[in-house]
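Novice: One structure is given below, represented as structure tokens, and several questions about it will come after.
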Amino acid sequence: MFVVALSPRPRSVTDVADASEQLWHQLSQVDTLAPFTALSGQLLLGVPRDPDAAVDALMRVARLNFCNIGLGIGSLYEPVPTEADLVEGKAARRALGALEAATHRGERVPICVSSGTDEMDAELEGLLRMLGQWIRTRTEAEWSVVDLLTPGVRGQQKAVAEILGITPQAVSAAIVRSGYNDELGARAAIARLLEFTDQL
């Protein structure tokens with residue numbers, strides 16, 4: 001199981017209300033067993049449905065550069081409640097520990113992982129931070145294209161071009177510049193590692 005814990009960093013943005021609205025918008029799109037909930041003003045908790053959803057949650061939050069992020073991997077008491085504030089187990093405790101570490105590490109992309117295996121945690125953190133830093137470099141124009149794409153669906157470029165009022169060639173160029181396809185490959189690889197780690 002996977003639990004994601006977040007703590008906002010208001011000083012990292014100029015408009016806290018807007019950043020908070022964007023954060024909740026992104027979190028609402030994550031496939032979860034227990035949706036993200038504010039346990040306090042400084043703590044948000046959610047239970048992604050599977051490894052892919054866990055990676056999705058981490059990258060959606062890293063994109064905004066507004067929160068410290070902790071990922072806990074391990075068991076949860078079942079059945080898993082649909083309310084995040086009632087979730088208990090190793091993954092929840094580890095998520096909080098990882099969040100505490102992320103808060104004090106001073107990393108450019110403050111993501112920490114706790115699975116009970118230090119070596120695997122360090123490797124996963126490196127991959128997640130690198131991918132998070134990569135997607136942060138995207139321009140607004142690139143995000144406007146990427147946000148309209150559905151992974152695995154062919155022939156989308158013409159439809160996206162029509163929505164944005166640009167040429168299919170411009171859409172294609174934005175996809176290449178954004179590293180979108182590389183991101184999908186990296187996400188899949190990290191999700192596979194998360195699944196493997198969860199089974200240790």
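Novice: Okay, helix-only estimate at 222 nm for the chain: each DSSP H run of n ≥ 4 adds -39500 (n - 2.57), divide by all residues, round to 500 deg cm²/dmol; what do you get?
Specialist: On the way: 8 runs with 106 residues, N = 200.
Rounded to the nearest 500, the figure is -17000 deg cm²/dmol.
Novice: Which whole-percent values make up P(r) of the stretch 12-121 when all C-alpha to C-alpha distances are grouped in 5 Å steps starting at zero?
Specialist: Per 5 Å bin, starting at 0, the Cα pair percentages come out as 2, 12, 22, 28, 21, 10, 4, 1, 0.
Novice: OK, next. For the ranges 53-65, 180-192, what's the packing order if you count other beta-carbon atoms within 10 Å of each residue, average per peptide, and put the highest first?
Specialist: Values: 53-65: 21.8, 180-192: 15.4.
In decreasing order of mean packing, 53-65, 180-192 become 53-65, 180-192.
Novice: Sticking with this one: Just to be sure I understand the model, the point goes 7 Å from the Cα along the line to the Cβ. What's the resulting Asn181 to Thr117 distance in nm?
Specialist: 3.2
Novice: Let me ask something else about it. Between the stretch 133-148 and the stretch 1-50, how far is it from one alpha carbon centroid to the other, in angstrom?
Specialist: With the stretch 133-148 and the stretch 1-50 each reduced to a Cα centre, they are spaced 20 Å.
Novice: Can I ask one more? If you rank Ser115, Ser40 by how much accessible surface each has, with a 1.4 Å probe, what is the order from largest down? Let's see the in-between values first.
Specialist: Details: Ser115 15, Ser40 60 Å².
Reading off the accessible areas and sorting them downward yields Ser40, Ser115.
Novice: Classify the stretch 50-200 from the C-alpha gyration tensor, please: rounded if a/c falls under 1.5, else prolate or oblate depending on whether a/b exceeds b/c. Write out the running numbers ahead of the final one.
Specialist: Values: a/c = 2.33, a/b = 1.95, b/c = 1.19.
In terms of gyration-tensor shape, prolate.
Novice: Ordered by packing density, taken as the mean number of other Cβ atoms within 10 Å over each peptide's residues, highest first, how do 12-20, 104-112 rank? Don't skip to the answer; put the middle values down first.
Specialist: Working: 12-20: 12.8, 104-112: 17.4.
The peptides rank, most packed first, as 104-112, 12-20.
Novice: From the phi angles alone, apply the Karplus equation (6.51, -1.76, 1.60; θ = phi - 60°) to the stretch 68-81 and give each ³J(HN,Hα) in whole Hz, x where the residue is Gly or Pro.
Specialist: Whole-Hz 3J(HN,Hα) from phi for the stretch 68-81: 7, 10, x, 10, x, 10, x, 7, 10, 5, 10, x, 5, x.
The values are calculated or read from the model by the stated rules, or taken from the named source; none is laboratory data. Quick caveat: nothing in here was measured; it's all calculated off a predicted structure. Note that we place each Cβ from the backbone using ideal geometry, even for glycine, and neighbour counts take in every protein chain shown. The area values use the complete protein model at the heavy-atom level, side chains included, leaving out ligands, DNA and RNA. Shrake-Rupley method; radii C 1.70, N 1.55, O 1.52, S 1.80 Å.
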